[in-house]
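See structure below.
The values are calculated or read from the model by the stated rules, or taken from the named source; none is laboratory data. Here the structure is a predicted model, which means the values were calculated and not measured. Positions of Cβ are backbone-derived with ideal geometry, glycine not excepted, and every protein chain shown enters the neighbour counts.
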Ligand SMILES: [Zn+2]
């Protein structure tokens with residue numbers, strides 16, 4: 001048995017594997033096989049092709065958003081943080097800032113920076129991409145929360 005030290009390459013492969021597993025589960029839970037362009041997938045109620053490509057084709061925006069959420073979680077963000085970052089990324093916002101005035105009684109104002117560099121009041125701009133509710137519920141469900149630890153490297 002080799003040492004337990006893992007190389008960066010191994011870790012990356014494990015991350016990829018975990019992401020692929022999560023995407024596969026997401027595809028199944030969302031029932032995206034209904035939209036598979038392969039009859040066999042629809043008959044077996046399970047995508048038999050490339051799940052990632054298939055999900056991206058069936059629900060482009062939601063799938064991109066899900067990728068961002070998973071990326072955030074991989075980077076160690078909490079779920080709400082990962083969802084927030086995914087929302088900003090999917091909407092194409094660069095960042096969100098809160099401007100606090102040094103004047104008593106003036107409420108802070110939230111701005112978002114749009115992809116063209118201009119700023120918009122956060123309450124005017126969309127806070128969330130027009131996602132399919134199922135994606136939002138999926139991100140809030142337990143499987144995403146437990147996605148990390150269950151995939152953690154086993155002790156050999
Ligand atoms: Zn498919």
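Mind checking which residues of the stretch 25-39 are closer than 13 Å to residue 63 by Cβ and without any contact (Cβ under 8 Å) to a residue 60 or more places away in the chain? The answer is 27, 32, 35.
When residues in the stretch 37-47 are screened for being near the ligand (Cβ under 8 Å from one of its atoms) and either at pLDDT 90 or above or touching a helix residue (DSSP H, G or I) at 6+ places or on another chain (Cβ under 6 Å) (or both), 2 of them pass. Please specify each residue of the stretch 1-24 satisfying the condition of being touching a residue at least 60 places away in the same chain (Cβ under 8 Å) and closer than 16 Å to residue 71 by Cα. Of everything in the stretch 1-24, those that are touching a residue at least 60 places away in the same chain (Cβ under 8 Å) and closer than 16 Å to residue 71 by Cα turn out to be 14, 17, 18, 21, 22. For residue 47, the criteria (1) outside any helix (DSSP H, G or I); (2) surrounded by fewer than 16 Cβ atoms within 10 Å (Cβ to Cβ); (3) in contact (Cβ under 8 Å) with a residue 12 or more places away in the chain hold in every case but one, which is (2). A Cβ distance below 6 Å, combined with a sequence gap of six or more or placement on separate chains, defines the contacts here; from the stretch 114-132, residues that are closer than 13 Å to residue 90 by Cα reach residues that are exposed (fewer than 13 other Cβ atoms within 10 Å of the Cβ) in the pairs 115/92.
Within the stretch 63-78, identify whether any single residue is in a helix (DSSP H, G or I) and near the ligand (Cβ under 10 Å from one of its atoms), and answer yes or no. Don't jump to the end; show me each part of the working.
Applying the first criterion (in a helix (DSSP H, G or I)) to the stretch 63-78 yields 63-74.
Those left that are additionally near the ligand (Cβ under 10 Å from one of its atoms): none.
No, the stretch 63-78 contains no residue that is in a helix (DSSP H, G or I) and near the ligand (Cβ under 10 Å from one of its atoms).
If a residue must be more than 7 Å from the ligand (Cβ to nearest atom) and assigned to a loop (DSSP other than H, G, I, E, B), how many such residues does the stretch 21-36 contain? Selection size over the stretch 21-36: 2.
Using the structure shown, decide if residue 86 is under 18 Å from residue 26 (Cβ atoms), away from the ligand (no atom under 16 Å from the Cβ) and at pLDDT 90 or above. Show your work before the answer.
Numbers: under 18 Å from residue 26 (Cβ atoms): yes; away from the ligand (no atom under 16 Å from the Cβ): yes; at pLDDT 90 or above: yes.
Yes; evaluated as a whole, the condition is true for this residue.
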